[in-house]
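Bear in mind these aren't lab numbers, they're just calculated from the coordinates by the rules spelled out. Note that the structure is a prediction, hence the values are computed from the model and not measured. No Cβ is skipped: glycine too gets one built from the backbone with ideal geometry, and neighbour counts run over all protein chains shown.
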Amino acid sequence: MRQHRHQRQHVGQRVRLTYGLAPGPSACNEAAIDNNSAARGTRNCAPGAPAVASPHSSRPGASRPRWSSPPPSSASWRCPSACSFTAVTGTTQKTVAAKSAVYSGARHVVVSVDPIRSRPQTRRVGTVVTRLTGLGVTLNGQPAEVLGVDPATFARFAIWHRQYAGQSIANIARGLAARDGSATPVVIWHPRNAARTNTTAALLRIGAVSIPTVSTGTVTSFPGIQDVYDDLVVIDEDHLRAAIADPAAQRQFEFWADADSPAVRAALAAQGVRQLISISPKQVVDLTNYVAVTWTFGYLESLAVLIAAVAAGGLLLYVATRQRAQVISYVLTRRMGLRRAAHGASLAIEQLALVITALLLGIGLSAVTVELVYRRLDLDPVHPPPPLLSVPVSQAAGAAVVAVVVGAVAAGLAHLASDRTQPSEVLRAEV
């Protein structure tokens, strides 16, 4: 009985628990369970016999076995790559979508040579826009493009991003409708110099018609910019009545709506408006070189998903390589009274700590990377707007959920595999 008790005590000393449940290290337990050489451990640890170390531990420069959680290098470098790809791809796609939306102005634009009047029927489904261009249109003597809008309905149908200006489009529209002074309020966009402001009075000439204006501010972009080399002047359409009839200006009448609906067609047909062409952001992308950009970054999104899958596979492979040592320690500690729930919880803590650390590291590194480079990723710097940062909140939340699920599944599989192993087979193999 005394010898049997001594043997059990010595067996307990052979086991060094990964999770800090066992006594201090000894030569026997260090060689018995090794992540890299579990099968090459000590074979003769009888009572009173000297401990025989693994032959691999006797080599010069051999390192001691490592029992802490492995460095998250396999997952941490993949997670920043996937997060960075997603953020850069989202930023580029958002910028491309914004450039196409700026060119069209609205989700559906009907262009006609017939005048379109703002009526109750048209106000319900869209907004009327008049575009004036040509050599006869100048602002302080410089060529310009004029966009006459209906302030009452323009903000409802124009595509707007808050990055375009320091105020909302509704406030801009209300400012255009103001009648406080003799000068007409306008909003001015300056090409290639969005940071420049102009609050002084300016003279807008459309053929023989002169309109004193005062700029209420400038914007970095504005819906409907098509001429990217001249200033864009946005003005209330009511001030263009006399200018529209001037033959020196090239006139284009547009109707901006949310969709090509029967109500839109009926409202235009009631005024006898003939559709010349229609424009939408999707058409702008499809008919320009933007479509190749969308394909390229769609491929990068797929690559980010592949990187995430490789990281998940690497985690499962890591669990598989540690399975033998895990089974041995689990069987012996079960003999010492370790509960199944405690073993499963320890595995879950280890795996979740690994994936959550990699996820947080990846999100942090990708945020720094994207902040440094996204302003330089303007694929078409001539056309506004400048790059718009896209924060992939939904993708990050999805990645967090997937990371937790993968870690929990890996821990569960390892626990089930260890629990289903026959203790007699493991102990027989180690004797």
By the mean-Cβ-within-10 Å protection proxy, highest first, 373-385, 221-233 rank as 221-233, 373-385
By the Cα gyration tensor axes a ≥ b ≥ c (a/c under 1.5 gives rounded; else a/b larger than b/c gives prolate, otherwise oblate), the shape of region 316-364 is oblate
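Between beta-carbons, use under 10 Å as the cut-off and find the net charge around Arg123, counting Lys and Arg +1, Asp and Glu -1.
Net charge in that neighbourhood comes out at +2.
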